[in-house]
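Structure first, commentary second.
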Amino acid sequence: MKTIAVLLIIILKLCLSFIPYSKLGSVMHRHTLLMKPENLESGDMKDDISAPEDIPEFTKINSEFRFKLDNKAIAALSSLLGSFLFLFQHTQPVSGVALINAMAQDSLPLEKALCNGKPTIIDFYADWCESCKAMAPTMRRMETEFAEKVNFVAIDGANSENSDLVGKFRVDGIPHLAFLTKQGEVKTALIGAVPETVLEDEIFSLSRSKSLPYSGYDAFEGESHFPLIEETKEVCKTE
């Protein structure tokens, strides 16, 4: 945006350089043409056109006029650009990628989430995931609203360093939201673009240890729903 502002100021100055600023400027332009050597030698100087006697004074007045007009125009444009930049920065929504990165940075470490006695939502995301970007504002708002009652853990599912967790939660699609009780049991998983009202109801119920209103993908059907049981025992005994 700063580059655009500079370019606009340059364009304005170029435009102003082609504007006849006053009658004095026109007279000086006309007088300069008449005083060219080729015109004087050819006798084209007309008696009915009187040249200004004090050329430096005319030049000074014209220059001062143009300088003042330039400064006023640039000051006005700068003021308008400043207002535009302020409004632009405060009206544009934060991008989905920026929110995803912010949530990843603020994410509670999984080890702490396993041991603090709160239910947990593990969000497997990827920064190229369009559904993740679309859901980011709602997830960020829920994270703020339920920060005291629910752990929010963000895991980059596209990062090879997290392949072990991806495998343990059997993530085969992103976004993948795993809902865990405070004991570490996976109650359900919501995959793909989830409507805002569904997220709100699901997280609200999880925060109060109630039955979840929506049942999604059960990756552990017929098996243990405690994929991190061993890690929990190992990590939490040292807490």
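Observations
- Multiplying the residue separation of GLU185 and ARG141 by 0.36 nm and subtracting their alpha-carbon distance yields 13.4 nm.
- Global form of region 153-205, assessed from the alpha-carbon gyration tensor, a/c cut-off 1.5: oblate
- In region 206-238, the GluC sites (Glu not before Pro) that fall in loop regions by DSSP, at most 15 other Cβ within 10 Å: GLU221, GLU223
- Cut-off under 5 Å, modelled amide H: who pairs with VAL150 long-range: none
- Cβ-Cβ distance of GLU161 and ASP201, R₀ of 30 Å, FRET efficiency by 1/(1 + (r/R0)^6): the value works out to about 0.35.
- Förster radius 30 Å - calculated FRET efficiency between GLN105 and SER211 (Cβ-Cβ, nearest 0.05): 0.35
- Among the listed pairs LYS168/LYS210; LYS118/LYS210; LYS118/LYS168, those beyond 18 Å (Cα-Cα): LYS168/LYS210; LYS118/LYS168
- Rounded if a/c under 1.5, otherwise prolate or oblate - region 118-239, Cα gyration tensor axes: rounded
- For ILE155, the residues whose amide H sits under 5 Å from its own are ASP123, PHE124, TYR125, ignoring neighbours fewer than 5 places away on the same chain, with H placed 1.01 Å from N.
- Karplus-derived 3J(HN,Hα), 6.51/-1.76/1.60, for each residue of region 128-140, Hz, glycine and proline x: 8, 7, 5, 5, 4, 5, 5, 7, 4, x, 5, 4, 5
- Using the Cβ-Cβ distance between CYS236 and GLU130 with R0 set to 35 Å, the FRET efficiency from 1/(1 + (r/R0)^6) comes to roughly 0.45.
- Among the GluC sites (Glu not before Pro) found in region 99-208, those both in a DSSP coil and sparsely packed, with 10 or fewer other Cβ atoms within 10 Å of their Cβ, are GLU148.
Any read-out appearing in this document is the output of simple, stated calculations on the displayed coordinates, not a laboratory observation. These numbers were taken from a predicted model, which means no experiment stands behind them. Glycine also receives a Cβ, built like all others from the backbone with ideal geometry; neighbour counts cover every protein chain displayed.
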